[in-house]
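Reading through the C-alpha coordinates given below for one structure.
The values are calculated or read from the model by the stated rules, or taken from the named source; none is laboratory data. Only a predicted model underlies this, so the values are computations on that prediction, with no experimental measurement involved. As a convention, Cβ positions derive from the backbone with ideal geometry for all residues, glycine included, and neighbour counts pool all protein chains shown. Note: accessible area is taken over every heavy atom of the protein model, side chains too, but ligands, DNA and RNA are not part of it. Shrake-Rupley method; radii C 1.70, N 1.55, O 1.52, S 1.80 Å.
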Amino acid sequence: MSDYEIAVVGGGPAGMISALALARAGRKVALVAPAPNVSDHRTTALMDHSIALLTRLGLWQAIKPEAAPLKTMRIIDGTGRLVRAPTVAFRSAEIDLEAFGYNIPNRVLVARLADAVRGEPNIAHLESSAETILAGKDAVSLTLADGEAISADLVVGSDGRRSKVRESAGISVRQWSYKQSAVVLNFAHALAHDDISTEFHTRGGPFTQVPLPDRHRSSLVWVMDTPAAEAMAARPEEEIAAAIEERMQSLLGSVSVEGPVQKWPLSSMVANRFGKGRMVLVGEAAHAFPPIGAQGLNLSLRDIMRLARMLDGIDGSKISSRTGERYDFMRRSDVWSRTASVDLLNRSLLADFIPAQLARSAGLYMLSAVPPLRQFAMREGVEPLRGVKALFAG
(Lines give C-alpha, C1' and ligand atoms only; values in the text may rest on other atoms or scores of the structure.)
Protein backbone atom coordinates (compact mmCIF):
# COMPACT_ATOMS: atom_id res chain seq x y z
CA MET A 1 0.00 0.00 0.00
CA SER A 2 1.28 3.48 -0.90
CA ASP A 3 1.40 6.21 1.74
CA TYR A 4 -0.66 8.49 -0.55
CA GLU A 5 -2.72 8.09 -3.68
CA ILE A 6 -1.20 11.23 -5.21
CA ALA A 7 1.91 13.28 -4.44
CA VAL A 8 1.92 16.79 -5.93
CA VAL A 9 5.47 18.13 -6.20
CA GLY A 10 5.63 21.94 -6.31
CA GLY A 11 3.82 24.57 -4.26
CA GLY A 12 3.08 27.46 -6.59
CA PRO A 13 -0.51 28.33 -7.55
CA ALA A 14 -0.72 25.43 -10.03
CA GLY A 15 0.61 22.98 -7.43
CA MET A 16 -1.76 24.10 -4.69
CA ILE A 17 -4.77 24.10 -7.02
CA SER A 18 -3.78 20.62 -8.24
CA ALA A 19 -3.66 19.34 -4.66
CA LEU A 20 -7.01 20.94 -3.81
CA ALA A 21 -8.78 19.69 -6.96
CA LEU A 22 -7.53 16.14 -6.51
CA ALA A 23 -8.31 16.12 -2.78
CA ARG A 24 -11.85 17.35 -3.49
CA ALA A 25 -12.10 14.49 -6.03
CA GLY A 26 -11.73 12.09 -3.12
CA ARG A 27 -7.99 11.34 -3.33
CA LYS A 28 -5.52 11.23 -0.44
CA VAL A 29 -2.90 13.82 -1.44
CA ALA A 30 0.57 14.84 -0.28
CA LEU A 31 1.71 18.33 -1.31
CA VAL A 32 5.51 18.25 -1.39
CA ALA A 33 6.72 21.85 -1.38
CA PRO A 34 8.28 24.47 0.91
CA ALA A 35 5.99 27.11 2.41
CA PRO A 36 4.64 29.37 -0.38
CA ASN A 37 6.04 32.81 -1.20
CA VAL A 38 3.40 35.42 -0.43
CA SER A 39 5.52 38.48 -1.36
CA ASP A 40 5.13 38.25 -5.17
CA HIS A 41 4.29 41.72 -6.55
CA ARG A 42 3.06 40.43 -9.93
CA THR A 43 -0.55 39.76 -10.93
CA THR A 44 -2.31 36.94 -12.77
CA ALA A 45 -5.27 37.33 -15.14
CA LEU A 46 -7.60 34.34 -14.93
CA MET A 47 -10.26 33.83 -17.58
CA ASP A 48 -13.89 32.81 -17.00
CA HIS A 49 -13.32 29.05 -17.19
CA SER A 50 -10.51 29.31 -14.60
CA ILE A 51 -12.77 31.35 -12.32
CA ALA A 52 -15.39 28.60 -12.69
CA LEU A 53 -12.83 26.06 -11.39
CA LEU A 54 -12.00 28.25 -8.38
CA THR A 55 -15.74 28.61 -7.74
CA ARG A 56 -16.30 24.82 -7.83
CA LEU A 57 -13.43 24.39 -5.36
CA GLY A 58 -15.00 26.96 -3.00
CA LEU A 59 -12.09 29.39 -3.38
CA TRP A 60 -13.46 32.25 -5.43
CA GLN A 61 -15.58 33.92 -2.75
CA ALA A 62 -12.46 34.72 -0.69
CA ILE A 63 -10.48 35.96 -3.71
CA LYS A 64 -13.06 38.01 -5.63
CA PRO A 65 -13.13 41.10 -3.31
CA GLU A 66 -9.43 41.68 -4.08
CA ALA A 67 -9.61 41.02 -7.83
CA ALA A 68 -10.34 43.39 -10.73
CA PRO A 69 -12.87 42.40 -13.43
CA LEU A 70 -11.75 42.54 -17.06
CA LYS A 71 -14.88 43.73 -18.86
CA THR A 72 -13.31 45.24 -21.99
CA MET A 73 -10.12 44.18 -23.74
CA ARG A 74 -8.86 46.73 -26.24
CA ILE A 75 -6.12 46.28 -28.88
CA ILE A 76 -4.38 49.34 -30.34
CA ASP A 77 -1.79 49.24 -33.12
CA GLY A 78 1.19 51.19 -31.83
CA THR A 79 3.74 49.87 -34.32
CA GLY A 80 3.87 53.08 -36.36
CA ARG A 81 4.33 50.97 -39.51
CA LEU A 82 2.97 51.77 -42.95
CA VAL A 83 0.31 49.05 -42.62
CA ARG A 84 -1.58 49.57 -39.38
CA ALA A 85 -4.51 47.70 -37.88
CA PRO A 86 -7.69 49.37 -36.60
CA THR A 87 -8.37 49.63 -32.87
CA VAL A 88 -10.52 46.70 -31.71
CA ALA A 89 -12.51 46.57 -28.45
CA PHE A 90 -13.80 43.24 -27.14
CA ARG A 91 -16.61 43.62 -24.58
CA SER A 92 -17.63 40.73 -22.33
CA ALA A 93 -21.29 41.78 -22.44
CA GLU A 94 -21.32 40.84 -26.14
CA ILE A 95 -21.02 37.18 -25.17
CA ASP A 96 -23.22 37.46 -22.05
CA LEU A 97 -20.39 37.43 -19.52
CA GLU A 98 -20.05 39.79 -16.56
CA ALA A 99 -16.30 39.82 -17.29
CA PHE A 100 -13.86 37.89 -19.46
CA GLY A 101 -11.94 37.17 -16.29
CA TYR A 102 -10.28 38.85 -13.32
CA ASN A 103 -6.81 40.22 -12.61
CA ILE A 104 -5.61 38.95 -9.24
CA PRO A 105 -2.55 40.07 -7.25
CA ASN A 106 -0.32 37.00 -6.86
CA ARG A 107 0.12 37.62 -3.13
CA VAL A 108 -3.67 37.40 -2.69
CA LEU A 109 -4.02 34.28 -4.83
CA VAL A 110 -1.17 32.46 -3.08
CA ALA A 111 -2.35 33.44 0.42
CA ARG A 112 -5.93 32.24 -0.18
CA LEU A 113 -4.76 28.99 -1.75
CA ALA A 114 -2.42 28.37 1.21
CA ASP A 115 -5.33 28.91 3.61
CA ALA A 116 -7.42 26.37 1.69
CA VAL A 117 -4.59 23.80 1.66
CA ARG A 118 -4.19 24.10 5.44
CA GLY A 119 -7.93 23.54 5.92
CA GLU A 120 -8.25 20.53 3.58
CA PRO A 121 -8.31 17.21 5.50
CA ASN A 122 -7.35 15.16 2.41
CA ILE A 123 -4.03 17.06 1.98
CA ALA A 124 -0.85 16.51 3.97
CA HIS A 125 1.49 19.43 3.31
CA LEU A 126 5.09 18.16 3.57
CA GLU A 127 7.13 21.37 3.68
CA SER A 128 10.20 20.04 1.93
CA SER A 129 11.42 19.48 -1.64
CA ALA A 130 11.76 16.18 -3.50
CA GLU A 131 15.37 14.98 -3.82
CA THR A 132 14.85 11.65 -5.59
CA ILE A 133 11.82 10.27 -7.43
CA LEU A 134 11.82 6.64 -8.54
CA ALA A 135 8.95 5.10 -10.49
CA GLY A 136 8.11 1.45 -9.86
CA LYS A 137 5.47 -0.82 -11.33
CA ASP A 138 2.94 -0.28 -8.55
CA ALA A 139 4.02 3.04 -6.97
CA VAL A 140 6.44 5.95 -7.07
CA SER A 141 8.96 6.38 -4.25
CA LEU A 142 10.06 9.85 -3.18
CA THR A 143 12.89 10.85 -0.86
CA LEU A 144 12.56 14.40 0.48
CA ALA A 145 15.28 16.91 1.30
CA ASP A 146 14.58 16.49 5.03
CA GLY A 147 15.19 12.73 4.77
CA GLU A 148 11.55 11.58 4.86
CA ALA A 149 10.59 8.84 2.40
CA ILE A 150 7.05 8.47 1.02
CA SER A 151 5.32 6.56 -1.76
CA ALA A 152 2.37 7.44 -4.00
CA ASP A 153 0.31 5.77 -6.73
CA LEU A 154 0.83 8.85 -8.92
CA VAL A 155 3.13 11.87 -8.88
CA VAL A 156 2.00 15.21 -10.31
CA GLY A 157 4.91 17.42 -11.34
CA SER A 158 4.08 21.07 -10.78
CA ASP A 159 7.65 22.05 -10.02
CA GLY A 160 8.40 24.55 -12.75
CA ARG A 161 10.64 24.75 -15.79
CA ARG A 162 13.46 22.80 -14.13
CA SER A 163 11.11 20.04 -13.02
CA LYS A 164 12.60 17.22 -10.97
CA VAL A 165 9.54 15.11 -11.78
CA ARG A 166 10.00 15.62 -15.53
CA GLU A 167 13.69 14.78 -15.27
CA SER A 168 12.95 11.65 -13.21
CA ALA A 169 10.39 10.49 -15.80
CA GLY A 170 12.99 10.88 -18.56
CA ILE A 171 10.85 13.38 -20.48
CA SER A 172 12.76 15.75 -22.76
CA VAL A 173 11.67 19.27 -23.75
CA ARG A 174 11.71 21.62 -26.71
CA GLN A 175 12.72 25.14 -25.79
CA TRP A 176 13.49 28.37 -27.57
CA SER A 177 14.22 31.93 -26.52
CA TYR A 178 13.38 35.37 -27.87
CA LYS A 179 15.58 38.43 -28.06
CA GLN A 180 13.04 40.12 -25.80
CA SER A 181 12.37 40.71 -22.12
CA ALA A 182 9.26 41.84 -20.25
CA VAL A 183 9.33 44.82 -17.90
CA VAL A 184 6.72 44.11 -15.21
CA LEU A 185 5.41 46.64 -12.66
CA ASN A 186 2.33 48.21 -11.06
CA PHE A 187 1.43 51.85 -11.56
CA ALA A 188 -1.09 54.46 -10.43
CA HIS A 189 -2.90 56.72 -12.89
CA ALA A 190 -5.02 59.87 -12.71
CA LEU A 191 -8.00 58.57 -14.71
CA ALA A 192 -10.07 55.49 -13.81
CA HIS A 193 -9.41 52.36 -15.88
CA ASP A 194 -13.14 51.49 -15.99
CA ASP A 195 -12.32 47.74 -16.04
CA ILE A 196 -10.65 48.13 -19.45
CA SER A 197 -7.44 46.29 -20.29
CA THR A 198 -5.49 47.85 -23.16
CA GLU A 199 -2.88 46.07 -25.25
CA PHE A 200 -0.71 48.18 -27.54
CA HIS A 201 0.99 46.20 -30.29
CA THR A 202 4.45 47.72 -30.66
CA ARG A 203 7.48 46.86 -32.78
CA GLY A 204 9.20 45.38 -29.74
CA GLY A 205 6.21 43.31 -28.58
CA PRO A 206 2.94 43.81 -26.67
CA PHE A 207 2.53 46.59 -24.09
CA THR A 208 -0.33 45.38 -21.87
CA GLN A 209 -2.07 47.39 -19.14
CA VAL A 210 -4.37 45.33 -16.90
CA PRO A 211 -6.71 46.82 -14.24
CA LEU A 212 -6.10 46.31 -10.53
CA PRO A 213 -8.92 46.39 -7.92
CA ASP A 214 -8.34 50.10 -7.21
CA ARG A 215 -9.80 51.87 -10.26
CA HIS A 216 -6.78 54.18 -10.36
CA ARG A 217 -4.15 51.41 -10.36
CA SER A 218 -3.06 48.93 -13.03
CA SER A 219 -0.41 46.33 -13.67
CA LEU A 220 1.83 46.43 -16.72
CA VAL A 221 3.68 43.89 -18.86
CA TRP A 222 5.83 45.74 -21.40
CA VAL A 223 7.65 43.47 -23.86
CA MET A 224 10.61 44.95 -25.74
CA ASP A 225 14.01 43.85 -27.01
CA THR A 226 16.30 42.86 -24.17
CA PRO A 227 18.78 45.80 -24.32
CA ALA A 228 15.86 48.25 -24.28
CA ALA A 229 14.24 46.40 -21.37
CA GLU A 230 17.47 46.49 -19.39
CA ALA A 231 17.83 50.21 -20.05
CA MET A 232 14.17 50.87 -19.13
CA ALA A 233 14.38 48.93 -15.86
CA ALA A 234 17.49 50.89 -14.88
CA ARG A 235 15.88 54.31 -15.40
CA PRO A 236 14.53 56.40 -12.47
CA GLU A 237 10.85 55.76 -11.68
CA GLU A 238 9.85 59.22 -12.89
CA GLU A 239 11.32 58.53 -16.33
CA ILE A 240 9.66 55.10 -16.51
CA ALA A 241 6.33 56.71 -15.61
CA ALA A 242 6.76 59.31 -18.36
CA ALA A 243 7.55 56.56 -20.88
CA ILE A 244 4.43 54.62 -19.84
CA GLU A 245 2.21 57.68 -20.19
CA GLU A 246 3.67 58.42 -23.62
CA ARG A 247 3.21 54.83 -24.83
CA MET A 248 -0.39 54.84 -23.54
CA GLN A 249 -1.09 58.10 -25.36
CA SER A 250 -2.22 59.52 -21.97
CA LEU A 251 -5.35 57.30 -22.01
CA LEU A 252 -5.13 57.07 -18.21
CA GLY A 253 -3.68 60.51 -17.58
CA SER A 254 -0.56 61.09 -15.52
CA VAL A 255 1.23 57.98 -14.23
CA SER A 256 3.37 57.09 -11.21
CA VAL A 257 5.26 53.81 -10.76
CA GLU A 258 4.58 51.78 -7.60
CA GLY A 259 6.81 49.15 -6.04
CA PRO A 260 9.61 47.20 -7.72
CA VAL A 261 10.30 47.21 -11.45
CA GLN A 262 11.08 43.66 -12.57
CA LYS A 263 12.59 42.37 -15.82
CA TRP A 264 12.00 38.84 -17.14
CA PRO A 265 13.69 37.35 -20.25
CA LEU A 266 11.22 35.76 -22.68
CA SER A 267 11.44 32.10 -23.64
CA SER A 268 9.17 29.17 -24.36
CA MET A 269 9.36 25.51 -23.38
CA VAL A 270 7.11 22.53 -24.09
CA ALA A 271 7.65 19.00 -22.82
CA ASN A 272 7.73 16.35 -25.54
CA ARG A 273 5.10 14.48 -23.57
CA PHE A 274 2.98 15.44 -20.57
CA GLY A 275 2.80 12.13 -18.78
CA LYS A 276 4.52 8.79 -18.54
CA GLY A 277 3.37 5.83 -16.46
CA ARG A 278 2.69 7.02 -12.93
CA MET A 279 3.98 10.57 -13.50
CA VAL A 280 2.16 13.54 -15.07
CA LEU A 281 3.14 17.18 -15.63
CA VAL A 282 1.06 20.31 -15.10
CA GLY A 283 1.82 24.02 -15.30
CA GLU A 284 5.33 25.18 -16.16
CA ALA A 285 6.72 21.68 -15.74
CA ALA A 286 4.77 20.89 -18.92
CA HIS A 287 4.72 24.19 -20.81
CA ALA A 288 5.95 27.74 -20.37
CA PHE A 289 5.78 30.71 -22.68
CA PRO A 290 5.90 34.53 -22.67
CA PRO A 291 3.32 36.55 -20.66
CA ILE A 292 1.24 37.29 -23.75
CA GLY A 293 -2.53 36.89 -24.04
CA ALA A 294 -3.09 35.83 -20.41
CA GLN A 295 -2.53 32.18 -21.30
CA GLY A 296 0.02 30.86 -18.77
CA LEU A 297 -1.87 29.90 -15.60
CA ASN A 298 -5.13 29.52 -17.53
CA LEU A 299 -3.57 26.73 -19.58
CA SER A 300 -2.19 25.20 -16.37
CA LEU A 301 -5.66 25.17 -14.82
CA ARG A 302 -6.97 23.31 -17.88
CA ASP A 303 -4.26 20.71 -17.19
CA ILE A 304 -5.63 20.39 -13.66
CA MET A 305 -9.28 20.23 -14.74
CA ARG A 306 -8.53 17.39 -17.15
CA LEU A 307 -6.47 15.51 -14.57
CA ALA A 308 -9.10 15.89 -11.84
CA ARG A 309 -11.81 14.54 -14.18
CA MET A 310 -9.61 11.56 -15.04
CA LEU A 311 -8.80 10.78 -11.41
CA ASP A 312 -12.18 11.26 -9.76
CA GLY A 313 -11.88 8.80 -6.89
CA ILE A 314 -15.26 9.16 -5.24
CA ASP A 315 -16.14 5.63 -6.43
CA GLY A 316 -12.98 4.19 -4.84
CA SER A 317 -11.29 3.41 -8.18
CA LYS A 318 -7.55 2.69 -8.25
CA ILE A 319 -5.09 4.84 -10.16
CA SER A 320 -3.89 3.07 -13.31
CA SER A 321 -0.24 2.62 -14.23
CA ARG A 322 -1.20 4.02 -17.67
CA THR A 323 -2.50 7.33 -16.29
CA GLY A 324 0.46 9.25 -17.73
CA GLU A 325 -0.17 8.02 -21.26
CA ARG A 326 -3.89 8.81 -21.12
CA TYR A 327 -3.25 12.29 -19.75
CA ASP A 328 -0.57 12.99 -22.37
CA PHE A 329 -3.00 12.11 -25.19
CA MET A 330 -5.74 14.34 -23.74
CA ARG A 331 -3.59 17.44 -23.30
CA ARG A 332 -1.57 17.53 -26.51
CA SER A 333 -3.86 19.49 -28.84
CA ASP A 334 -4.73 22.22 -26.32
CA VAL A 335 -1.15 22.81 -25.17
CA TRP A 336 0.39 22.85 -28.63
CA SER A 337 -2.32 25.04 -30.19
CA ARG A 338 -2.01 27.67 -27.43
CA THR A 339 1.79 27.61 -27.56
CA ALA A 340 1.73 28.10 -31.33
CA SER A 341 -0.79 30.97 -31.16
CA VAL A 342 1.25 32.89 -28.56
CA ASP A 343 4.45 32.36 -30.56
CA LEU A 344 2.77 33.46 -33.80
CA LEU A 345 1.32 36.62 -32.24
CA ASN A 346 4.67 37.64 -30.81
CA ARG A 347 6.58 36.97 -34.04
CA SER A 348 3.99 38.80 -36.15
CA LEU A 349 4.63 42.00 -34.17
CA LEU A 350 8.36 41.74 -34.82
CA ALA A 351 8.05 41.06 -38.55
CA ASP A 352 8.87 43.89 -40.95
CA PHE A 353 7.64 41.68 -43.82
CA ILE A 354 4.80 43.62 -45.49
CA PRO A 355 2.58 40.55 -46.17
CA ALA A 356 2.79 39.60 -42.47
CA GLN A 357 1.72 43.13 -41.51
CA LEU A 358 -1.15 42.96 -43.99
CA ALA A 359 -2.33 39.63 -42.63
CA ARG A 360 -2.32 40.86 -39.01
CA SER A 361 -4.08 44.12 -39.94
CA ALA A 362 -6.68 42.32 -42.05
CA GLY A 363 -7.40 39.90 -39.22
CA LEU A 364 -7.97 42.69 -36.71
CA TYR A 365 -10.08 44.60 -39.24
CA MET A 366 -12.33 41.56 -39.71
CA LEU A 367 -12.72 41.20 -35.93
CA SER A 368 -13.63 44.87 -35.70
CA ALA A 369 -16.11 44.84 -38.57
CA VAL A 370 -17.83 41.44 -38.29
CA PRO A 371 -19.66 40.94 -34.93
CA PRO A 372 -20.24 37.14 -35.26
CA LEU A 373 -16.54 36.60 -35.99
CA ARG A 374 -15.56 38.85 -33.08
CA GLN A 375 -17.91 36.96 -30.74
CA PHE A 376 -16.50 33.63 -31.89
CA ALA A 377 -12.94 34.87 -31.22
CA MET A 378 -13.91 36.16 -27.77
CA ARG A 379 -15.45 32.83 -26.76
CA GLU A 380 -12.45 30.88 -28.01
CA GLY A 381 -10.12 33.26 -26.15
CA VAL A 382 -11.98 32.62 -22.91
CA GLU A 383 -12.05 28.82 -23.31
CA PRO A 384 -11.12 26.44 -26.16
CA LEU A 385 -14.14 25.19 -28.15
CA ARG A 386 -16.57 27.58 -26.41
CA GLY A 387 -17.00 29.42 -29.71
CA VAL A 388 -17.56 26.16 -31.58
CA LYS A 389 -20.17 25.04 -29.04
CA ALA A 390 -21.96 28.39 -29.37
CA LEU A 391 -22.10 27.95 -33.16
CA PHE A 392 -23.72 24.53 -32.83
CA ALA A 393 -26.07 25.79 -30.13
CA GLY A 394 -27.11 28.61 -32.45
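Of these, 168, 141, which one is surrounded by 13 or more Cβ atoms within 10 Å (Cβ to Cβ) and free of Cβ contacts under 8 Å to residues at least 12 places away in the same chain?
141
Scan region 26-44 for residues that are open to solvent by less than 10 Å² (accessible area, probe 1.4 Å) and not in a strand (DSSP E or B) and jot them down.
Matches in region 26-44: 27, 33.
Conditions tested, residue by residue: (1) open to solvent by 10 Å² or more (accessible area, probe 1.4 Å); (2) of a type outside the set (S, T, N, Q); (3) in contact (Cβ under 8 Å) with a residue 40 or more places away in the chain; (4) closer than 19 Å to residue 313 by Cβ.
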| residue | (1), (2), (3), (4) |
| --- | --- |
| 3 | yes, yes, yes, yes |
| 51 | yes, yes, yes, no |
| 56 | yes, yes, no, yes |
| 59 | yes, yes, yes, no |
| 86 | yes, yes, yes, no |
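Could you please find all residues in region 201-240 being part of a strand (DSSP E or B) and either modelled with pLDDT of 95 or more or closer than 30 Å to residue 65 by Cβ (or both)? So that I can check it myself, show each step before the final result.
Just the residues of region 201-240 that are part of a strand (DSSP E or B), to begin with: 201-202, 205-211, 217-225.
Matches in region 201-240: 206, 207, 208, 209, 210, 211, 217, 218, 219, 220, 221, 222.
If residue 13 passes every condition in (1) open to solvent by 10 Å² or more (accessible area, probe 1.4 Å); (2) within 25 Å of residue 201 (Cα to Cα) but one, which one does it miss?
Result: residue 13 passes all but (2).
Considering only residues that are polar (S, T, N, Q), touching a residue at least 40 places away in the same chain (Cβ under 8 Å) and surrounded by fewer than 17 Cβ atoms within 10 Å (Cβ to Cβ), which ones fall in region 250-274?
First, the residues of region 250-274 that are polar (S, T, N, Q): 250, 254, 256, 262, 267-268, 272.
So of that shortlist, the ones also touching a residue at least 40 places away in the same chain (Cβ under 8 Å) come out as 254, 256, 262, 267-268, 272.
The answer is 254, 256, 262, 267, 272.
What pairs can you find where one residue is in region 108-132 and free of Cβ contacts under 8 Å to residues at least 40 places away in the same chain and open to solvent by 50 Å² or more (accessible area, probe 1.4 Å), the other is among the basic types (Lys, Arg) and assigned to a helix (DSSP H, G or I), and their Cβ atoms are less than 9 Å apart, with a gap of 6+ or different chains?
Note: pairs meeting the criteria are 131/164; 132/164.
Considering (1) in contact with a Gly (Cβ under 9 Å, 6 or more places away or on another chain); (2) within 25 Å of residue 100 (Cβ to Cβ); (3) crowded, with 20+ Cβ neighbours inside 10 Å, say which one residue 229 fails and leave the rest.
Failing condition for residue 229: (2).
Starting from region 320-340, take each residue that is without any contact (Cβ under 8 Å) to a residue 24 or more places away in the chain and list its partners that are assigned to a helix (DSSP H, G or I) and open to solvent by 20 Å² or more (accessible area, probe 1.4 Å), counting only C-beta distances under 8 angstrom and pairs at least six apart or across chains.
320/326
Condition test on residue 68, is it open to solvent by 10 Å² or more (accessible area, probe 1.4 Å) and closer than 29 Å to residue 377 by Cβ? Please lay out each step first, then the result.
Values: open to solvent by 10 Å² or more (accessible area, probe 1.4 Å): no; closer than 29 Å to residue 377 by Cβ: yes.
Considered against the rule, which asks whether it is open to solvent by 10 Å² or more (accessible area, probe 1.4 Å) and closer than 29 Å to residue 377 by Cβ, residue 68 comes out as no.
Output yes when any residue across region 314-325 is more than 30 Å from residue 179 (Cα to Cα) and touching a Ser or Thr at 6+ places or on another chain (Cβ under 6 Å), and no when none is.
For region 314-325, residues more than 30 Å from residue 179 (Cα to Cα) and touching a Ser or Thr at 6+ places or on another chain (Cβ under 6 Å): absent.
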